[in-house]
Amino acid sequence: MTNPFRLRWLQGWTFQVVLMEGHVQVEAHGFGICLRTAVMPGESPQAAADRLVLSEDRRRRALHNAWLRGQDMAQPTEVSTTKEVAPSSNSLVVVG
């Protein structure tokens, strides 16, 4: 493994193994940000890098979705008295 390294399924990111504060950490650079996480015992640097980017992606998606929900609440909507909208219609998952 070289330092810095890349993971082919995480395009746009470069990773580097660093020793900081007495702990081995993986540092990720990509899309204008820098992230860092500790390498857990028994975990490879590649697995730590994958875990780091996945958790950041989940966090950013949750923030984006919360922002979208806030935008929907800020705009006044007409309330129909004859037809109620089912709560499941707001779901991103459509089964059918």
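Quick look at the numbers
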read-out: Relative counts (whole %) of C-alpha pair distances in region 1-75, using bins that are 5 Å wide; value: 3, 15, 23, 21, 12, 9, 7, 5, 3, 1, 0
read-out: Amide H partners (placed H, <5 Å) of residue 24, local residues excluded; value: 39
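Here, each number is a calculation from the coordinates, and none is a lab measurement. Note that the coordinates shown come from a computational prediction; the quantities given were computed from them, not determined experimentally.
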